[in-house]
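J.: Sending over a structure as structure tokens; questions will come in a sec.
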Amino acid sequence: MKHRRFLVLSGAIGAIALIASLSVAVASSSQKPSQVQKAAAITAPKVPNAAAIKKKYGGQKITFVGDSVGDGHKRDLALAKRFSRDTGIKVSVVPHPAASDQSYSQLVRAFSQKSSSIDVAMIDVVWPGAFAPYLVDLKPKLGKQAKLHVQGIIQNNTIGGRLVAMPWFGDYGILYYRTDLLKKYGYSGPPKTWADLFKMAKKIQDGEQKTNSNFTGFVFQGNSYEGLTCNALEWVASAGGGHFIDNGKATINNSKAATILDAMRNQVGKTTPRGVTSYQEDQTEHTFDSGDAAFARNWPYQYGIGAGATSKVKGKFSVAVLPHGAKGDSVGTVGGWQLAVSKFSKRKAAAIEFVRYMTSPAVEKFDALTNSNVPTIVSVAKDKAVRAKNPYLKPAIASVPRVTRPAKYFKTRYNEASKVIYQGINQILNGTPAKSVLPSMQSKLNQLLKR
């Protein structure tokens, strides 16, 4: 934001390394997956060395600003409860705003006020550099555990030699599709191109609406927020339209970008709900898992909810890489979350022990099995139960190229740049032709690049 001046390091290197490592890990194992326990039978793992931690810090209280998407808050509560029971450290779990950019603003306010109200915070993969001055160096206490995680992410989270955050879980965009409906309407597999998706979505939607007026073809994150930047990056890059910023210059105003964005605009209210321009992750998940959509773009966390006992699509869906344009390749936007300790915390040592527990192999496995999040520890990704429960880890999906948001170009002004992107794309989705929006977007991005 305007009142801060520090360096930002993009999350690109770490996240790409994670995906590459995971694809190798999955591909290298030839053993058959073992039978996975039911999620309900999986309990939060014990805290290692709990007695010693309790002796030092028992009775202290810390606040954790954690997840709010999907079942993330339930997971956080279960883990915090176990940690508190084992160590005597009381953990208050506060979910952050669902929109990533709003969560960013929440932390900006707290850090700028030097508030001690937050001890541990969940931060996006593109934020470590921006928040580094306000975060505790975790290397002295967690350096050994950091070696278990993909080193590219550790490098991403190391600013000026200081490890300011520990990897928690990864993310990338994937396509969810109804296997039963594809079979019903004569399709042998998921769509390869966006044009295929639109055609298939329309056919299935027209058929299903005869008995379900709420049914729609395709849902995604179309609201004016950070999630739309991620979605739009996938559309544009998969159509050969660049990555918003290429070689240090704004490139979004080009014919390939305009073509795919107009194609998406033309689907709003046709194969998508008219209200998709207000959808975030949870609205997308709810629509698909309620049985009211043929296709959905979302993050891996949705898989676990869809496979849950209360889902109407349990056993009726699968996942694939996202479609691509006529002259492009499938991609997925890099995401992922880290855990950091505020330097304004009055209970830093206790907070670090909580981060140690939350980023341990046992907790990453618990998270993968109960919340279908991407492990950042390769040994966990190799685990037979984890692979069996999370099909998105198979090489066909995990090895697809990842695209990164342009945080490294904008440094502390990334949030301003992303706002230019998602507001402009949302304007297009709401009816304005791309040619009337992209020139202004490109101009504003170039102005930010020069500051």
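Rule-based calculations on the coordinates, nothing more; no lab input. Since the structure is predicted, the reported quantities are computational estimates derived from the model, not experimental observations. Reconstructed Cβ throughout: ideal geometry from the backbone, glycine too, with neighbour counts over all protein chains shown.
J.: Given axes a ≥ b ≥ c from the Cα gyration tensor, I'd like to know whether the stretch 340-451 is rounded (a/c under 1.5), prolate (a/b larger than b/c) or oblate.
T.: Note, shape of the stretch 340-451 comes out oblate.
J.: Taking percent of Cα pairs over 31 Å apart straight from the coordinates, which label in (1) 55; (2) 40; (3) 45 is the correct one?
T.: Derived directly from the coordinates: (2).
J.: Need the full-extension length gain, Lys46 to Gln145, defined as separation in residues times 0.36 nm minus the C-alpha distance. One decimal, nm.
T.: So the chain would gain 34.0 nm between Lys46 and Gln145.
J.: Could you give the nm distance between label points at Ser443 and Lys61, where each point is 7 Å from its Cα heading toward the beta carbon?
T.: Each label point lies 7 Å from its Cα, and together they span 5.4 nm.
J.: Which order do the peptides 359-366, 431-438, 49-56, 343-350 come out in when sorted by mean C-beta neighbours inside 10 angstrom, highest first?
T.: Put in order of decreasing packing, that is 359-366, 343-350, 431-438, 49-56.
J.: Here's something else I'd like to know. Local charge sum around Phe83 (other residues, Cβ-Cβ under 11 Å, Lys/Arg +1, Asp/Glu -1)?
T.: My count for the surroundings of Phe83 gives +4.
J.: With a Förster radius of 60 Å, plug the Cβ-Cβ distance of Gln209 and Ser115 into 1/(1 + (r/R0)^6) and report the FRET value to the nearest 0.05.
T.: 0.75
J.: Just to be sure I understand the rule: take each whole DSSP H helix in the chain, project its Cα atoms onto its long axis, keep it if the span is 20 Å or more and its mean Kyte-Doolittle hydropathy is at least -0.5. Which ones pass?
T.: Sorted by number, the helices that extend far enough and score high enough are 12-27, 414-429.
J.: Could I ask something else about it? If a paramagnetic tag sat 7 Å from the Cα of His286 along the Cα-Cβ line, which residues of the stretch 51-82 would have the backbone N under 19 Å from that point?
T.: Within reach of a label on His286: 67-75.
J.: In deg cm²/dmol and to the nearest 500, what is the mean residue ellipticity at 222 nm of the chain if only DSSP H runs of at least 4 residues count, each as -39500 (n - 2.57), divided by the residue total?
T.: That comes out to -13000 deg cm²/dmol.
J.: About its Cα centre, how strong a charge dipole does the chain have in debye, to the nearest 20, once Lys and Arg get +1 and Asp and Glu get -1 at the Cβ?
T.: In debye, rounded to 20, the chain gives about 1100.
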